[in-house]
Amino acid sequence: MGTGFILKGQVLAFAASPFAGDRPEDATLLREAVAVKDGKIAGAGTLSEMQALLPEAELVDHAGKLILAGFVDAHVHYPQTAIIASWGKRLIDWLYSYTFPEEMRFGDRGYADEIAHRYLDLTAAHGTTTVCSYCTIHPESADAFFAAAQARGQRVAAGKTCMDRNAPDGLCDTPQSAYDDSEALIARWHGVDRLEYTITPRFSPTSTPEQLEAMGALWAKHPECLMQTHLSEQTDEIEWVKSLFPQARDYLDTYEEFGLLGAKGLYGHAIHLEERERHRLREFGAALIHCPTSNTFIGSGLFDMAGLMAEGQRIGLATDTGGGSSFSMLRTMAAAYEIGQLRGTPLHAAQLLWLATQGSATALRMEGKIGNIAPGMEADLVVLDLASTPAIAQRAGRAEDIWEAVFPTIMMGDDRAIAEVWIGGQPVKRS
Ligand code: GUN
Ligand code: ZN
């Protein structure tokens with residue numbers, strides 16, 4: 001299977017979580033080179049160590065550039081690609097005005113194929129190598145996404161979205177059809193190549209108790225799958241949930257009651273949490289997914305990163321395309337930094353980069369496979385040009401260490417900063 005590659009530059013890996021100790025940078029490892037063979041990381045160290053490990057390997061010199069694990073985006077809606085940056089609405093109106101009409105189109109497999117490929121082209125150009133995506137209620141939309149990712153050799157998680165009320169007729173399934181269609185998709189795609197099926201009840205307002213119960217039963221039967229949904233994103237959404245589920249103790253309880261709270265559960269947004277919800281999420285080791293550009297764009301609120309990390313929650317980072325206003329995990333890290341500032345708790349560059357790689361991979365329970373650079377891990381890599389524009393270059397030129405050098409790219413970088421992307425040990429041509 002070839003002689004492999006050695007990428008030379010500044011190779012950033014994580015030895016631990018930079019949220020754990022007093023000095024975030026102490027959790028990181030900086031090396032000179034990374035060796036890649038047969039789709040996996042063979043090792044990382046000095047150039048001579050890597051050349052001893054893979055004597056025949058081709059050398060790719062990225063002098064001065066930063067090489068790290070490809071970005072992992074833990075919550076996206078690929079079908080919202082074409083309606084990203086739609087003006088002027090808050091969550092519920094935004095869903096009905098822009099999102100649902102667009103999602104209606106995904107019963108057409110040709111359109112779903114077109115958008116799946118467009119989405120994966122755009123995200124690869126921004127350095128994202130793994131995503132966890134919502135599809136639409138149409139099984140074809142999941143088939144299209146998995147087929148597109150499979151053709152590119154990408155590790156992705158995704159699922160057919162389930163809704164049986166408070167959505168247009170053309171976007172509703174039933175408790176039984178949601179169960180049957182999701183189970184057929186699990187059989188077709190889960191564990192095939194690098195693909196994972198994710199059970200996907202959209203959120204409590206668009207599912208009847210009967211559908212949530214059916215989804216809970218499906219998850220109990222397929223505990224190998226992730227489960228994703230939305231939780232406590234906007235205050236009027238929370239009021240709506242309370243009116244639809246008057247007996248529930250809180251928003252999370254509408255999931256918990258039906259077996260939809262678990263360690264492999266992903267809860268998008270999780271902004272306005274009550275004490276009991278925080279306690280139960282931590283107890284189960286469930287993952288909270290922070291979507292900062294979405295939270296500012298739709299006007300949802302300020303996620304409590306510092307408080308939630310301090311109490312030991314599992315947290316991933318995501319764009320939430322197209323409620324989020326960008327495909328870029330650099331822009332997403334910048335927004336997470338800004339929300340931290342608004343709460344008086346700025347995040348360190350090492351923490352931001354960890355969230356966009358190992359943090360999101362840990363949320364997706366993929367931390368042993370992706371999101372870091374270590375022997376045996378899958379070779380999904382991104383190479384960052386830390387001087388991609390004149391504005392960034394002049395600031396990075398003043399930097400006294402790697403963190404000061406990379407921070408201008410986090411705050412001001414876009415797809416021009418993505419010098420190269422590797423997926424499964426192969427360089428991806430940027431579109
Ligand atoms: N809540 C339920 N559906 C959605 C969605 O598509 N985007 C966002 N941001 N929140 C949601
Ligand atoms: Zn979402």
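Residues in segment 143-186 that are within 16 Å of ligand 2 (Cβ to nearest atom), within 23 Å of the chain's Cα centre (by Cα) and either surrounded by fewer than 23 Cβ atoms within 10 Å (Cβ to Cβ) or of a type in the set (A, V, I, L, M) (or both): VAL156, ALA157, ALA158, MET163. Could you please tell me which pairs satisfy a Cβ distance under 6 Å, a separation of 6+ or placement on different chains, a first residue in segment 227-248 that is without any contact (Cβ under 8 Å) to a residue 40 or more places away in the chain and of a type in the set (Val, Ile, Thr), and a second residue that is in a helix (DSSP H, G or I) and within 12 Å of ligand 2 (Cβ to nearest atom)? Correct list of pairs: empty, since none qualify. Taking segment 289-307 as the range and being free of Cβ contacts under 8 Å to residues at least 60 places away in the same chain and in contact with a strand residue (DSSP E or B) (Cβ under 6 Å, 6 or more places away or on another chain) as the test, the residues that pass are THR293, SER294, PHE303.
Looking only at residues of segment 313-326 that are surrounded by 24 or more Cβ atoms within 10 Å (Cβ to Cβ) and in a loop (DSSP other than H, G, I, E, B), we find that the one that is nearest to ligand 1 (Cβ to nearest atom) is GLY323. Taken over segment 51-63, the criterion of being in contact with a strand residue (DSSP E or B) (Cβ under 6 Å, 6 or more places away or on another chain) and under 24 Å from THR129 (Cα atoms) is satisfied by ALA57, GLU58, LEU59, VAL60, ASP61, HIS62. ASP320 passes every criterion in (1) within 16 Å of ligand 2 (Cβ to nearest atom); (2) under 20 Å from ALA417 (Cα atoms) apart from (2).
Scanning segment 270-287 for residues that are touching a helix residue (DSSP H, G or I) at 6+ places or on another chain (Cβ under 7 Å), within 16 Å of ligand 2 (Cβ to nearest atom) and free of Cβ contacts under 8 Å to residues at least 40 places away in the same chain yields a total of 1.
For segment 293-312, a residue qualifies if it is in a helix (DSSP H, G or I), within 13 Å of ligand 2 (Cβ to nearest atom) and of a type outside the set (Val, Ile, Thr), and the qualifying residues are SER294, ASN295, PHE297.
Right, MET104: within 14 Å of ligand 1 (Cβ to nearest atom), free of Cβ contacts under 8 Å to residues at least 60 places away in the same chain and of a type in the set (A, V, I, L, M) or not? The answer is no for MET104. If you go through segment 187-218 and keep only what is within 17 Å of CYS132 (Cβ to Cβ) and surrounded by 21 or more Cβ atoms within 10 Å (Cβ to Cβ), you end up with TRP189, ARG194, GLU196, TYR197, THR198, ILE199, THR200, PRO201, ARG202, PHE203, MET215.
With a requirement of 1 or more residues that are more than 29 Å from LYS89 (Cβ to Cβ), the helices (runs of 4 or more DSSP H) lying completely within segment 185-284 that satisfy it span 209-221, 251-256, 275-284. Among the residues of segment 331-357, those that are farther than 23 Å from LYS369 by Cβ and touching a residue at least 60 places away in the same chain (Cβ under 8 Å) comprise ARG331, ALA334, TYR337, HIS348, ALA349. Evaluating THR254 against the criteria (1) buried (at least 20 other Cβ atoms within 10 Å of the Cβ); (2) within 16 Å of ligand 2 (Cβ to nearest atom); (3) more than 30 Å from GLY21 (Cβ to Cβ) leaves one unmet condition, (2).
For GLU400, are the conditions met, namely being assigned to a loop (DSSP other than H, G, I, E, B) and among the acidic types (Asp, Glu)? Considered against the rule, which asks whether it is assigned to a loop (DSSP other than H, G, I, E, B) and among the acidic types (Asp, Glu), GLU400 comes out as yes. Screening LEU317 on (1) out of contact with any His (no Cβ under 6 Å at 6 or more places or on another chain); (2) in contact (Cβ under 8 Å) with a residue 12 or more places away in the chain shows it passes everything except condition (1).
Return yes when GLY21 is over 30 Å from THR136 (Cα atoms), free of Cβ contacts under 8 Å to residues at least 24 places away in the same chain and not basic (Lys, Arg) and no when it is not. Yes, satisfied.
Values in this text are rule-based calculations from the coordinates and carry no lab data. Because the structure is predicted, anything quoted here is derived from the model rather than measured. In this analysis, Cβ positions are derived from the backbone assuming ideal geometry, glycine residues included, and neighbour counts consider all displayed protein chains.
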